[in-house]
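A.B. asks: The structure that follows is given in the form of structure tokens.
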There are 2 protein chains.
Amino acid sequence: MERSRPHLVVIGGGFAGLWCARALASAAIEITLVDRANHHLFQPLLYQVATAGLSAGDIAAPLRHILSGQRNVTVRLGEVVGIDAAAQRVSLADGMTLAYDHLLVASGATHAYFGHDEWAAHAPGLKTLDDAMTLRRRILLAFEQAENANDDAGRDAWLTFAVVGAGPTGVELAGTLAEIARHTLKNEFRRIDPARARVQLIEAGPRVLSSFPPALSDKAAAQLQRLGVQVLTGSAVQHIDADGYTRGGERVRAKTVLWAAGVAASPLGAMLGAPLDRAGRVQVQPDLSVPAVPNVFVAGDLATLTQANDKPVPGVAPAAKQMGVHVATLIRARLAGRSDNTPFVYRDWGNMATIGRMAAVVDMPGGLKFSGAMAWWFWLAAHVFFLIGFRNRLVVLMNWGWAYTTYARHARVVFGSGGPTHDLAQSAPQQTQQR
Amino acid sequence: MERSRPHLVVIGGGFAGLWCARALASAAIEITLVDRANHHLFQPLLYQVATAGLSAGDIAAPLRHILSGQRNVTVRLGEVVGIDAAAQRVSLADGMTLAYDHLLVASGATHAYFGHDEWAAHAPGLKTLDDAMTLRRRILLAFEQAENANDDAGRDAWLTFAVVGAGPTGVELAGTLAEIARHTLKNEFRRIDPARARVQLIEAGPRVLSSFPPALSDKAAAQLQRLGVQVLTGSAVQHIDADGYTRGGERVRAKTVLWAAGVAASPLGAMLGAPLDRAGRVQVQPDLSVPAVPNVFVAGDLATLTQANDKPVPGVAPAAKQMGVHVATLIRARLAGRSDNTPFVYRDWGNMATIGRMAAVVDMPGGLKFSGAMAWWFWLAAHVFFLIGFRNRLVVLMNWGWAYTTYARHARVVFGSGGPTHDLAQSAPQQTQQR
């Protein structure tokens, strides 16, 4: 590359990082986009991969492919392990370092267990494709274990699914789980009735989807209950292990507990010498730069910012995209010799969450709220539209059209991490069944 | 289930086992189909998953779903660890046992390393979805490693791909690898030219596709060379390690070696007290039953049989299906009180292998042979037609149509087994790169 041009390093190929890089396509700057995955992930639909409705390839595209036409971008597969803001240098796990003139840290967030990291093994979260495959395996194998179980207690434990956290992801998971149990697996088992599965959605707060107006939370809860989900709000889980969880002093046997509660920012935020909030997010300046380090920006889920209107910027995909584009605008100004510190203003296009088949809630700016089938179609259209790449959109639409008419979930294959029998041999009861 | 009816246990949900179970849909018999995977795999297209052209869900369907409408079948996820032909009992890894009146062992084969099991870690084979994901990860990350390499030697080693074994799978892998390097990854890297990758196809025997007539082997070799594959026949690999292989005394640095050579039958064959061939396949009676054990049958890749016409039954999907149906016919006769020992006769509909984009060879009975584009379309039509499930066919067609027009491979996402950076951190050179 021409060393004459300044060098921007972007850490993270999520919505913030990718949109920033794209917005600088025509700028006189060299960009290196570093990510530890080879793909950009359309996270809003990750729960569909976890519940076998979509394949990994349907919601992920190789970063190289997305950016192949943009000659000023070099995609670098690697894991950032250090940031030296004084030396303007980023170091990677493989021992390489990258010197930068401008830096965008957009490495996002992962799930947190509120200091109970020992729960992670028993209650996997959902942030990456690997996570999605783990959840898919756990969910599908639980029904297999129930079919193979010899005692009612064991069977019931395998047929009890608890989702912890009633934010959008938790609501999506719980709603889809209920759908799978009641419709997708119908007639497929001989010794159990999957429809008897209990799906519980646990929320410490007073209501589901707390980022929505209370009226929509009530609608969402009602729609969840119609799908067969037990909505348990108002108290948090106290303990989770391989056999179940404890809540409000009550012990519940549940072999499958899924985690959709806490969020912890990427550890890279702590390397910037900037103030962090409790979740480890970087408290950025109004223009998204790091206090006292004007050539370093933070965007996406790793940044926390309260706007002039006292509203915090939500941790959603549209906000991440807008932040990425905002940073690109400021950098372009600096390339032109101007110092632009325009504060970031989140443009709210509305907030929506899906619950299940024909069930969703939509909260539009200006007070327009609606739910149910119309909200679901609205949600579907928006998400398919925003999926990267024409092909994906088409296939996703097809899969959903198919799933909608048949309830089938085409990606219901279990693989990875030792495979089903590995898990089975470990966890199935050691006894004999006479036929 | 009604204990009055006889019980057939089918081990393996591949082509042989699944087709046998389906052929007994209307029979007065209870069937338990045991498989350690939850899905039936359309193995002929597994190489497409390994090379990121298709997603796992495109070529696999849950056994429960396929058989959900057949009420006399119970699908059992589990791994068979013992067969007691005298007691007519099968034992599973989870401690359960299944008593049977009739047994079909169709647990297939896996890859073998000719006594060099230490090669397995360096040269993965391709039999399961897990294998396919491992190959996909190795292939895609090799190009990433080459992009990150700092010395020419390392770069060349990462850009050298060796496929060992020139049977249909080896030919398919080598041809597709050449296609990926020359077309799919075009313009996506900044420091390497993927088209410079070396793809080698190594065969100990004198020609590729030895199960085809020599004329077609020559055509196949020519088409492979046109795609840019180095075809190296006439001598076997002597050694394989993490850095490459040795052949004919010559050491070749190749970071990616894929195994498509040896086949070893499932260990279950050895539990039947029947004679085995060198690959561990069961030498069955002409009617596919086990010598001296008339109520136990073996079908598919686990069985070896030379027909009356002195031709061995080939280890291909159509043969496995026909064997499964044949066993079903004999069992149905026995249910009717007749003892039917009709010998199995393989109905040869032709033999085909694909090489790459618009390149294939077809060998039809009656001496009709053709190759090239026409053979490829023939191959495509046949394989899409035989894929289980309308939806899969449609999506596979779409993906191929898309791939054909754009060379894109939509499933190019890397996940599983620690993920890319895990591999990267382990294998990338520890040095510093100044930008």
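A.B. asks: Here is a list: A:329, A:246. Which entry is open to solvent by 20 Å² or more (accessible area, probe 1.4 Å), under 30 Å from residue A:20 (Cα atoms) and among the hydroxyl-bearing types (Ser, Thr, Tyr)? Even if it seems obvious, please write down each step before you answer.
C.D. replies: Values: A:246 fails: under 30 Å from residue A:20 (Cα atoms).
Answer to the check: A:329.
A.B. asks: Based on this model, can you work out whether residue A:187 counts as at pLDDT below 95 and at positive phi?
C.D. replies: Answer is yes for this residue.
A.B. asks: Residue by residue through segment B:345-381, note down the ones that are hydroxyl-bearing (Ser, Thr, Tyr) and not in a strand (DSSP E or B).
C.D. replies: To start, the set of residues in segment B:345-381 that are hydroxyl-bearing (Ser, Thr, Tyr) comprises B:346, B:354, B:371.
B:346 - this is the single residue of segment B:345-381 that is hydroxyl-bearing (Ser, Thr, Tyr) and not in a strand (DSSP E or B).
A.B. asks: Name the single residue that is surrounded by the fewest Cβ atoms within 10 Å (Cβ to Cβ) among those in segment A:78-99 being in contact with a strand residue (DSSP E or B) (Cβ under 7 Å, 6 or more places away or on another chain) and within 8 Å of chain B (Cβ to nearest Cβ).
C.D. replies: If we filter segment A:78-99 for residues that are in contact with a strand residue (DSSP E or B) (Cβ under 7 Å, 6 or more places away or on another chain), which is where we start, we get A:78-83, A:85, A:88-93, A:97-99.
Add one more test, that the residue is within 8 Å of chain B (Cβ to nearest Cβ), and what stays is A:78-79, A:93, A:97-99.
Working: A:78: 26, A:79: 19, A:93: 17, A:97: 17, A:98: 22, A:99: 15.
For segment A:78-99, the residue satisfying everything is A:99.
A.B. asks: Output yes when any residue across segment A:81-94 is within 23 Å of residue A:45 (Cβ to Cβ), at pLDDT below 95 and not hydrophobic (A, V, I, L, M, F, W, C), and no when none is. Outline the logic, then answer.
C.D. replies: To start, the set of residues in segment A:81-94 that are within 23 Å of residue A:45 (Cβ to Cβ) comprises none.
Among the residues of segment A:81-94, not one is within 23 Å of residue A:45 (Cβ to Cβ), at pLDDT below 95 and not hydrophobic (A, V, I, L, M, F, W, C), which makes the answer no.
A.B. asks: Related question: Residues being crowded, with 24+ Cβ neighbours inside 10 Å and either of a type in the set (Val, Ile, Thr) or more than 18 Å from residue A:121 (Cβ to Cβ) (or both): count how many of those fall in segment A:250-265.
C.D. replies: 3
A.B. asks: Count, please, the residues in segment A:249-279 that happen to be more than 20 Å from residue A:236 (Cβ to Cβ) and among the polar types (S, T, N, Q).
C.D. replies: Qualifying residue count for the region: 1.
A.B. asks: Continuing with the same structure: Of the numbered conditions (1) open to solvent by less than 20 Å² (accessible area, probe 1.4 Å); (2) closer than 30 Å to residue B:142 by Cβ; (3) within 12 Å of another protein chain (Cβ to nearest Cβ), residue B:37 satisfies every one except a single condition; which is it?
C.D. replies: (1)
A.B. asks: Just to be sure I understand the filter: pairs with C-beta atoms under 9 Å, separated by 6 or more residues or on different chains, first member in segment A:325-346 and free of Cβ contacts under 8 Å to residues at least 60 places away in the same chain, second member among the basic types (Lys, Arg) and assigned to a loop (DSSP other than H, G, I, E, B). Which pairs pass?
C.D. replies: A:346/A:311
A.B. asks: Shifting gears a bit: Go through (1) more than 30 Å from residue B:58 (Cα to Cα); (2) hydroxyl-bearing (Ser, Thr, Tyr); (3) buried (at least 21 other Cβ atoms within 10 Å of the Cβ) for residue A:47 and report which single condition fails.
C.D. replies: The one condition residue A:47 does not meet is (1).
A.B. asks: Filter segment B:198-216 for residues that are open to solvent by less than 20 Å² (accessible area, probe 1.4 Å) and touching a residue at least 60 places away in the same chain (Cβ under 8 Å) and give the result.
C.D. replies: Hits for segment B:198-216 are B:209, B:212, B:216.
A.B. asks: Taking segment A:332-356, which residues are surrounded by 17 or more Cβ atoms within 10 Å (Cβ to Cβ) and closer than 26 Å to residue A:48 by Cα?
C.D. replies: A:348, A:351, A:352, A:353, A:354, A:355, A:356
A.B. asks: Identify, by number, the condition in (1) in contact with a strand residue (DSSP E or B) (Cβ under 9 Å, 6 or more places away or on another chain); (2) free of Cβ contacts under 8 Å to residues at least 60 places away in the same chain that residue A:243 doesn't meet.
C.D. replies: (2)
A.B. asks: Would it be correct to say that residue B:143 is open to solvent by less than 10 Å² (accessible area, probe 1.4 Å), away from chain A (no Cβ under 13 Å) and among the aromatic types (Phe, Trp, Tyr)?
C.D. replies: Working: open to solvent by less than 10 Å² (accessible area, probe 1.4 Å): yes; away from chain A (no Cβ under 13 Å): no; among the aromatic types (Phe, Trp, Tyr): yes.
No, not satisfied.
A.B. asks: If residue A:205 passes every condition in (1) at pLDDT below 95; (2) farther than 25 Å from residue B:96 by Cα; (3) in a loop (DSSP other than H, G, I, E, B); (4) over 17 Å from the mean Cα position of the chain (by Cα) but one, which one does it miss?
C.D. replies: (1)
Residue by residue, here is whether (1) under 26 Å from the mean Cα position of the chain (by Cα); (2) closer than 17 Å to residue A:298 by Cβ; (3) not assigned by TED's automatic domain parsing to the domain that holds residue A:295 holds:
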| position | (1), (2), (3) |
| --- | --- |
| A:72 | no, no, yes |
| A:82 | yes, yes, no |
| A:85 | no, yes, no |
| A:89 | no, no, no |
| A:93 | yes, no, no |
| A:96 | no, no, no |
| A:99 | no, no, no |
| A:102 | no, yes, no |
| A:105 | yes, yes, no |
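A.B. asks: Let me ask something additional. Residue by residue through segment A:179-197, note down the ones that are assigned to a loop (DSSP other than H, G, I, E, B), surrounded by 14 or more Cβ atoms within 10 Å (Cβ to Cβ) and within 10 Å of chain B (Cβ to nearest Cβ).
C.D. replies: Those that are assigned to a loop (DSSP other than H, G, I, E, B), surrounded by 14 or more Cβ atoms within 10 Å (Cβ to Cβ) and within 10 Å of chain B (Cβ to nearest Cβ): A:185, A:186, A:188, A:189, A:190.
A.B. asks: Using the structure shown, decide if residue A:292 is over 22 Å from residue A:209 (Cα atoms), at pLDDT 95 or above and more than 24 Å from the chain's Cα centre (by Cα).
C.D. replies: Details: over 22 Å from residue A:209 (Cα atoms): yes; at pLDDT 95 or above: no; more than 24 Å from the chain's Cα centre (by Cα): yes.
No.
A.B. asks: Going by the conditions given, is residue B:14 touching a Gly at 6+ places or on another chain (Cβ under 8 Å) and in the same structural domain as residue B:271 (by TED's automatic domain parsing)?
C.D. replies: Details: touching a Gly at 6+ places or on another chain (Cβ under 8 Å): yes; in the same structural domain as residue B:271 (by TED's automatic domain parsing): yes.
So residue B:14 fits the description; yes.
A.B. asks: Please enumerate the residues belonging to segment A:295-323 that are surrounded by fewer than 16 Cβ atoms within 10 Å (Cβ to Cβ) and in contact (Cβ under 8 Å) with a residue 12 or more places away in the chain. Write out each step before concluding.
C.D. replies: Restricting attention to segment A:295-323, the residues satisfying the condition of being surrounded by fewer than 16 Cβ atoms within 10 Å (Cβ to Cβ) are A:306-312, A:314.
Residues satisfying the conditions are A:307, A:308, A:311, A:314.
A.B. asks: If I filter segment B:107-130 for residues that are open to solvent by less than 20 Å² (accessible area, probe 1.4 Å) and at positive phi, do I get at least one hit?
C.D. replies: The answer is yes, given that some residue of segment B:107-130 is open to solvent by less than 20 Å² (accessible area, probe 1.4 Å) and at positive phi.
A.B. asks: Being among the aromatic types (Phe, Trp, Tyr) and not assigned by TED's automatic domain parsing to the domain that holds residue A:101, is that true of even one residue in segment A:297-308? Outline the logic, then answer.
C.D. replies: Going residue by residue through segment A:297-308, those that are among the aromatic types (Phe, Trp, Tyr) are A:297.
Going one step further and asking which of them are not assigned by TED's automatic domain parsing to the domain that holds residue A:101, we end up with none.
Looking for residues that are among the aromatic types (Phe, Trp, Tyr) and not assigned by TED's automatic domain parsing to the domain that holds residue A:101, one finds none in segment A:297-308, hence no.
The values are calculated or read from the model by the stated rules, or taken from the named source; none is laboratory data. Treat the numbers as computed from the prediction; the structure is a model and nothing was measured. Glycine gets a Cβ as well: all are built from the backbone with ideal geometry, and neighbour counts include every protein chain shown. Surface areas here come from the heavy atoms of the whole protein model, side chains and all, with no ligands, DNA or RNA. Shrake-Rupley method; radii C 1.70, N 1.55, O 1.52, S 1.80 Å.
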